[in-house]
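This report refers to the structure that appears directly beneath it.
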Amino acid sequence: MGGKSVRTGDFVVIEKNNNQWKGIIIQVGRNLITLKLKSGYNIGIRVDNKTKIEKTIGEKIEKHKPVKFELKFDKTKPLVSILSAGGTIASSIDYKTGAISSSYPAEQLVNTVPELVNFANIKTEKILEEMSENLIPKDWKKIANSVFKELKESEGVIITHGTDTLSYTSSMLSFMLRNLNKPVVVTFAQKSSDRGSSDASMNLICSTITATKNLAEVVVVGHGTVSDDYCLINRGTKVRKMHSSQRNTFRPINTYPIGKVYPSEKVEFLSKYRKKEEVKEEPYLDDKIEEKVAIIKVYPGINPEIVDFYVDKGYKGLILEGTGLGHVNTGEISMLPQIKRAIEQGVIVGMTTQTIYGRVNPYIYSPARVLSNLGVIYLEDLLPETAYTKLMWVLGHTQNKEEVKEMMLKDVAGEFNKRLQPNQFLY
Ligand code: ASP
């Protein structure tokens, strides 16, 4: 019997290669059946023509009740707060519809990864319940405020977050949390926490270990490879989701990772990072931002009026995701008149590259020099998303053209790398 005649919700006995499993079907793939065993564990069984599947009518499976883990305070361990901001890591799959909803409470997350208490005392709180594509700037403020509050009490804070827009949040937090003197770790999962194949547990373990270390930065921690061997610690301003589904999706961009963290608790630091004792001044929260900032991706055939649209809507800043070294269309269809108008109207225009890796440079080709002469700020090796959050944050403090330019080009949270190395590409 193949997998075709059974359905989600059926109780079955599967026999293959002298093994036998009993459980309830939670997913039927083309050649794969995912079974919830009586123990509560999920198992994926590859179905071939030697696999025997029998439906057991009438047999009942008791609903698996997760064992509630009693959190006891251990004086020898630091306190780490886990704040849940939604996303797949905080969601569970609805096996009837196959859809994922983001409503898995933080405590439940800890109950499913009890190993966390080996490294720290854990405190959890849910601050948002959203898939990250739905986040808006006020959510970044909310996250930053909650983190700042938690940092008063905890040695480190972990934010569990959706992957899609995670690097916008990590970069915004890097700007909003000034004189940060403890670790702030943003983590994620590509598969929901209730699935056997979820990457959530290891990412949470690695994040908890990182949150107890002598590190004073906002970092993103998650799988470094497709296996469960180690996680990467990446700087919050120089990291990006680079794969839509693989667990090792977050890669360092234009830099090396800060380090590798192994679930065994070993940490290898690979590049320079800020330590707690280097921060001499009091931490404070600086969450003033100007929300009227947009990103425009340049592409062949773009209608330059998109720039006018934002100017006429009262936008104060635009980040161009230019081609190559930082170019826009200047041929038969040219964006120059619209960009000139934007700058004349006082809009700040910044240039980044859609190649993601490398830096922009206005001195190689003459059209880029024209843009730079018009007043477009060439933002070195900044990621477009980091440029976007930084421009919002900078414009929240000053709208004076010269001051904005100066702040945009000044390193605030490790967002620039003066010396790019060939091996940092596709790390
Ligand atoms: N769309 C989801 C989100 O970004 C995906 C994820 O969590 O990984 O919230």
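The values are calculated or read from the model by the stated rules, or taken from the named source; none is laboratory data. Remember, predicted model here, so these are calculated numbers, not experimental data. Positions of Cβ are generated from backbone atoms using ideal geometry, with glycine treated the same way; all protein chains shown enter the neighbour counts. SASA here: full protein model, heavy atoms, side chains in, ligands and nucleic acids out. Shrake-Rupley method; radii C 1.70, N 1.55, O 1.52, S 1.80 Å.
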- prompt: Just for the chain, what percent of DSSP beta bridges are antiparallel, to the closest 5?
  reply: 55
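Quick check for you: with a 1.4 Å probe and neighbouring chains kept, what is the accessible area per residue of the chain, in Å²?
Roughly 47 Å² per residue, with all protein chains present.
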- request: Express as a percent, rounded to the nearest 5, the fraction of DSSP beta bridges in the range 222-332 (both residues included) that run antiparallel.
  value: 70
- line: The set of residues whose placed amide H lies less than 5 Å from the amide H of Leu379, leaving out same-chain residues fewer than 5 positions away, is Met351
query: Under 17 Å Cα-Cα from Lys55, which lysines qualify once same-chain neighbours fewer than 8 residues away are excluded?
result: Lys4, Lys16, Lys22, Lys36, Lys38
- prompt: How high is the FRET efficiency between Gln27 and Leu420 when r is their beta carbon distance and R₀ equals 30 Å, given to the nearest 0.05?
  reply: 0.10
field: the range 291-302 - phi-based ³J(HN,Hα) in whole Hz, Karplus 6.51/-1.76/1.60, Gly and Pro as x
entry: 7, 7, 9, 9, 10, 10, 8, 8, 8, x, x, 4
- line: Note on the range 370-413: alpha-carbon gyration tensor, axes a ≥ b ≥ c; rule is a/c under 1.5 for rounded, else prolate if a/b larger than b/c, else oblate; result oblate
- request: For the range 270-425, just say rounded, prolate or oblate: build the C-alpha gyration tensor, square-root its eigenvalues into a ≥ b ≥ c, call rounded for a/c under 1.5, and beyond that prolate if a/b exceeds b/c, oblate if not.
  value: oblate
- prompt: What are the residues whose amide H is under 5 Å from the amide H of Ile295, where those residues sit 5 or more places off or on another chain and H is modelled from the backbone?
  reply: Ile319
query: Local charge sum around Val185 (other residues, Cβ-Cβ under 11 Å, Lys/Arg +1, Asp/Glu -1)?
result: +1
field: Tensor-based shape of the range 343-427 (alpha-carbon gyration tensor, a/c under 1.5 rounded, otherwise prolate or oblate)
entry: oblate
field: Span-like helix ranges in the chain, DSSP H, alpha carbon extent 24 angstrom or more, Kyte mean at least -0.5
entry: none
- line: Any residue on another chain or 5+ positions along whose placed amide H is under 5 Å from the amide H of Ile348 is listed here as Gly317, Leu318
- prompt: How large, in percent, is the carbon and sulfur part of the accessible surface of the range 248-287 at a probe radius of 1.4 Å?
  reply: 47
query: From the cross-link list Lys126/Lys238; Lys138/Lys276; Lys272/Lys390; Lys238/Lys418, which pairs have alpha carbons spaced over 19 Å apart?
result: Lys126/Lys238; Lys138/Lys276; Lys272/Lys390
message: How much length would be gained if the chain were fully extended between Phe73 and Asp312, taking 0.36 nm per residue of separation minus their Cα-Cα distance, in nm to one decimal?
response: 80.4 nm
Hz values of 3J(HN,Hα) by residue in the range 156-163 - Karplus curve (6.51, -1.76, 1.60), Gly and Pro given as x: x, 10, 10, 10, 8, 8, x, 7
field: Efficiency of FRET from Cβ geometry, Glu265 and Lys55, R₀ 45 Å, rounded to 0.05
entry: 0.50
task: Determine ³J(HN,Hα), in whole Hz, for all residues of the range 249-265 in sequence, where each value follows from phi through the Karplus function 6.51 cos²θ - 1.76 cosθ + 1.60 and θ = phi - 60°; x replaces Gly and Pro.
output: 5, 7, 10, x, 10, 6, 6, 8, x, 5, x, 10, 10, 9, x, 6, 4
statement: Here FRET efficiency (C-beta to C-beta, Val13 to Asn214, R₀ 56 Å, nearest 0.05) is 0.60
field: Packing rank of 280-292, 135-147, 325-337, where each peptide gets the mean count of other beta carbons within 10 Å, highest leading
entry: 135-147, 325-337, 280-292
task: Grab the other residues whose beta carbon is less than 14 angstrom from that of Ile289, score K and R as +1, D and E as -1, and report the net.
output: +3
